[in-house]
Every structure is written in C-alpha cells, then in structure tokens.
Amino acid sequence: MSLRDRGPGLVFWGSVVAGLLLSLIAWPEPYGAFRPFWLGLVVIYWALESPARMGLGVAFAIGLAGDFLTGSLLGEHALRLVVLAFIVLRIRPRMRFFPMLQQSLAVLALLVNDRVVMLMLRAFTGEGLPDWLFWVGPIIGMLLWPWLFLLVDVARARARAREA
Amino acid sequence: MAASTGDAPALFTPEGHGTPRVAAWLLLAIVLMVVDHRTGALDQLRSRVAALADPLYRIAATPARAARVARDAVGDRRDLMAENERLRQALLLAEARLGRYAAVAEQNARLRELLDVRERHRLEGRLAELIDIDLDPFRHRLVLGVGRDGGIEPGQAVIDGRGVMGQVIAAEARHATMLLLTDPGHAIPVTVLRSGLRAIAYGTGATDALRLPHIPFGADVRVGDALVSSGIGGRFPPGLPVGTIRELKPDDTGTFVEAIALPAAGLARSGEVLVLREERESLPEAAHGPAPDPGEATGHDVRSGRPREDASPPARTAATTAREAAREAAPAPVAPQRSAPR
C-alpha cells in the first residue's frame, strides 16, 4: 500500500459496510425497485480512485459477502462486481478525468451493463424477465453518483488530514 | 488479489487486471453459482455464514422501523380512529364467522367419529415478525425475525390474516427466509373452492398475480372464484385461502385455459405473520393401531433459488401423500361440464 492510501483505510471499509447495509435497507413500498446497486457504486468509486485497494479479488470478496447477505446464488454478486471492477480499471485512465456529468453517464452505462449481466444470470437460473422497473435502478444510481463521490471524497480528505 | 498496481502511475498500467485474471475470477464465480444452483454442497457453508448476517439485518431494518414508529407517533388522530373502526368491524365479522365455524367443526368431529378417522391435523401457528429489509426487489423473499431457535423449519407454510403468503425456505438460528407465493420459482397446489377443480398456482414475479396454467377448456372455473390450498404435496395445509381468479384466457398453445389469480394475503414486507406447523394428533378413541408415521420430518429440502420445489411432492413418503390425497378427495370435480369459460 502506498502512503497515499493508508490513511483512508477506515473510509474504505466503512464504505463497504455501508454499501452492504444499504443493499438491505428497504425503500418505501411503491419505490422498492428504484433502489440502486449500492455495492456496485462502492466498487466503481474505489476502482476509480484507489485501484490498489479495489482489485478484482477484493471486488469478488465483497460480492460474496453480498451473496451471503441477500441469499442470492453464491457468486452472483461476485460476478457482477468483478465485471464492474474490471471495466472501471480498464477505462480508469480516461474516466478519472471526465467532467462530473460525463462521469455520471459512464456510471449509468456501467450500471446498465450490470443489469444486462444480471438478466443473463436470471436467464440461466430460469427466472423470468423482470418488469421495466428493473431498469430504473441504474438511473437512480447515476443521479446519486456525484453526491456519493463528493461524500466519500470529503470523508477521505478528513481522514487524511486527521492522520497528518 | 490484484496487488500489483501499487503506486505506479496508474495512467499507464492497466496490467494486473488483465484479461486472464478477470477470466479466472469470472470462472470461479460461475463455478460457484453452478455448484450452488445444482447441488446442495454449499448449503452448510451458506447457513453458517448467514447466521452472522443476523445483526446486519437488524441494523438494516432500523430506518424502516423508525419511520413506522414516527408515523405512528405523529399519525393523525382521525386516521387512527378510522383504522380502529375498521379493525373493530373486521373483528366483528371474524367473530361471526368463527361462531359458524364452531358449529361446522363440531359436525365435522362427529362425522370423523362415524368414519373412524384415526388422526386429525392440528394446526399450530407461531407468530413471527418480519424484519423490514429488502433482499432483492426482483425476487420475492422476506426475512422473518424468528429462526430455528423459535421452532421455524424450512418448508413450513406462512400465512397472514387473509391467506397463504408463502413458505419458509431457510432457517438460521435467529432469522429465517421465506419465499412468497408470487416468486416466479414458487408453486402451490390449489383447489377452486366452488367446484373442487384442482390446479397449481405459480408465482409470476408480480405482486398481484398468480398464474394457473393448463386448465382444460370446459373446466368449471369462473372469474371471481376463490382458490384455497388443496393440501396435495403436503407442504401447505388444505383449506387456506390463496387467492381469487381475476382473469381467464386461452394459453399460448390454445389448448388450455390459463387463469390469473389475485393473491389473498397482503404481501407486505412489514408486520407480523403466522408460521404454521402441522401436527398430527390421534383422537383418544383410536389409541390402538399403528402410530401415525412422522412423515413430515423429511421435508426440509427446499432452499433458496431452486425453482418449482413445491410442484412435485418429494418431501413426503408415498404413504403420507396418498393418505393426504384420500383425505382431500371429498370434493371431487364432478361439476357439470360447461362451455369454455371465455
């Protein structure tokens, strides 16, 4: 780990735990399906900002935790997060310097891609096609992205300042 | 773990996340999924780890609970009065019905004596609160706040005040997961209350629809008919309300009718539910004869993700199933044949 990354370790694990919790918290009923893929957002952030932390293996492990928590097939979240992390790590050099609007659109594309992966998994397990609300989650994720980005950035800056 | 990037200038080093590496992780995930989907090899591991999830579930449920408490606290007095009034009426109605049932039950007992039925099924219910979390908005699962410690076992039926909600699919020490009727992987054998017609109601993934495929044209079923569980297969006790037929239409092949039913239970995420345990109790007169076989002890094979567990009755011994079928056979579908229900 570089010096740069050591300080905000707490922020990293905090965000992962928060992501796991958020992916359980129910949204008020008519909007249940609007819930974004919180763990996906967490993985995108860290793959973008601190790839030394968010390798594919870490994404896989977080995904497994998600699988255990939500009772999905073991490996389902893991696969989705590995795909996300892989794409982000690949396009990271460009995506980092995108203006926020463009970055949000990239996040939307990533999350839509994740939904497509999910559809493929559902097809293999024989679950039917979900309704159109299935596609709302990524849009909410995109809208939330700038705020989450700022929030975690501020938290990291604080943690680093305290360390110094 | 991709530890190689380190602090090299990340602008130029996408390696360490190369294609072989990602392929390996993806392969591992796929192997895990296939093993988990096809076999029960990971069940032990899953349930051991799931036990650790309990505190997280409770924490995740707090916001929703707080919101509910807050709403109750500041709720409009008029709303509360209206709700009170409604509940009072519902109670009155329920009591009136109970009075009628008492008479029927007594009659039933007498008839059983006449038939010399050795045993009867006593339903034992256990109240369980739902933990207000949402595992996956596109899968129909709820988490109960009671687990094996409270006598909850996989395979038990779950009902609310209005009808069948689903069944328990996994039980940990302090929580349990249930599958709703409306999950695409769920199926429940039902009877049309009016005509005795049997069918299987599959979940559709929509909270307001069950699908009853393969009903013959000319079968006696109409829009508005009530469906109750038939008890075949042994997982659900017979006679519990399941839903109401909402729509009838020919299926894709045009050889059968497909019915769409509205579930009777309120499939909400919060509140309390009743987990049923069916117990056989021998009537005192029939102490002689072989003891009733404990067939239901074997039925715990349902787990998350397995589709259509309930459509086949593998859980019981053949003898039990046959007996249940016999017990069920009274309202045989001998209704007059009518023209195709359109």
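The values are calculated or read from the model by the stated rules, or taken from the named source; none is laboratory data. Computed from a predicted model, the values in this text were never measured in an experiment. Neighbour counts run over all protein chains shown; Cβ positions are idealised from the backbone, glycine included. Surface areas here come from the heavy atoms of the whole protein model, side chains and all, with no ligands, DNA or RNA. Shrake-Rupley method; radii C 1.70, N 1.55, O 1.52, S 1.80 Å.
Some points to look at:
- From the options A:89, A:56, A:48, residue that is open to solvent by less than 20 Å² (accessible area, probe 1.4 Å), within 14 Å of another protein chain (Cβ to nearest Cβ), in contact with a Pro (Cβ under 6 Å, 6 or more places away or on another chain) and over 30 Å from residue B:169 (Cα atoms): A:89
- One residue from A:101, A:69, A:105 being touching a Leu at 6+ places or on another chain (Cβ under 9 Å) and among the hydrophobic types (A, V, I, L, M, F, W, C): A:69
- In segment A:14-45, residue most open to solvent (accessible area, probe 1.4 Å) [restricted to those that are more than 9 Å from chain B (Cβ to nearest Cβ) and in a loop (DSSP other than H, G, I, E, B)]: A:37
- From the list B:94, B:50, B:29, the one residue that fits, being more than 23 Å from residue B:269 (Cα to Cα), small (Gly, Ala, Ser), at the interface with chain A (Cβ under 8 Å from one of its Cβ atoms) and open to solvent by less than 60 Å² (accessible area, probe 1.4 Å), is B:29.
- Put simply, of A:58, A:83, A:112, A:154 the only residue that is within 27 Å of residue B:206 (Cα to Cα), out of contact with any His (no Cβ under 8 Å at 6 or more places or on another chain) and assigned to a helix (DSSP H, G or I) is A:112.
- Taking the criterion of being open to solvent by less than 70 Å² (accessible area, probe 1.4 Å), in contact (Cβ under 8 Å) with a residue 12 or more places away in the chain and within 10 Å of another protein chain (Cβ to nearest Cβ), the only residue of segment A:92-114 that qualifies is A:92.
- Some residue of segment B:149-156 being of a type in the set (D, E, K, R) and within 30 Å of residue B:205 (Cα to Cα): yes
- Only one of A:123, A:159 that is part of a helix (DSSP H, G or I) and open to solvent by less than 50 Å² (accessible area, probe 1.4 Å): A:159
- Considering B:88, B:68, the condition of being closer than 17 Å to residue B:271 by Cβ, open to solvent by 70 Å² or more (accessible area, probe 1.4 Å) and of a type in the set (D, E, K, R) is satisfied by B:68 alone.
- Residues in segment A:66-76 that are facing chain B (nearest Cβ under 9 Å) and either touching a strand residue (DSSP E or B) at 6+ places or on another chain (Cβ under 9 Å) or farther than 16 Å from residue B:35 by Cβ (or both): 3 in all.
- Within segment B:247-267, the residues that satisfy the criterion of being closer than 30 Å to residue B:128 by Cα and either free of Cβ contacts under 8 Å to residues at least 60 places away in the same chain or touching a helix residue (DSSP H, G or I) at 6+ places or on another chain (Cβ under 7 Å) (or both) are B:260, B:262.
- Hey, residue A:148 in contact with a His (Cβ under 9 Å, 6 or more places away or on another chain), under 26 Å from residue A:9 (Cα atoms), open to solvent by less than 80 Å² (accessible area, probe 1.4 Å) and modelled with pLDDT of 90 or more or not: no
A quick yes/no check of all residues on (1) open to solvent by less than 30 Å² (accessible area, probe 1.4 Å); (2) under 26 Å from residue A:129 (Cβ atoms); (3) charged (D, E, K, R); (4) part of a loop (DSSP other than H, G, I, E, B):
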{"site": "B:126", "(1), (2), (3), (4)": "no, no, yes, no"}
{"site": "B:130", "(1), (2), (3), (4)": "yes, no, no, no"}
{"site": "B:137", "(1), (2), (3), (4)": "no, yes, no, yes"}
{"site": "B:146", "(1), (2), (3), (4)": "yes, no, no, yes"}
{"site": "B:154", "(1), (2), (3), (4)": "yes, no, no, yes"}
{"site": "B:161", "(1), (2), (3), (4)": "no, no, no, yes"}
{"site": "B:168", "(1), (2), (3), (4)": "yes, no, no, no"}
{"site": "B:174", "(1), (2), (3), (4)": "no, no, yes, yes"}
{"site": "B:189", "(1), (2), (3), (4)": "yes, yes, no, no"}
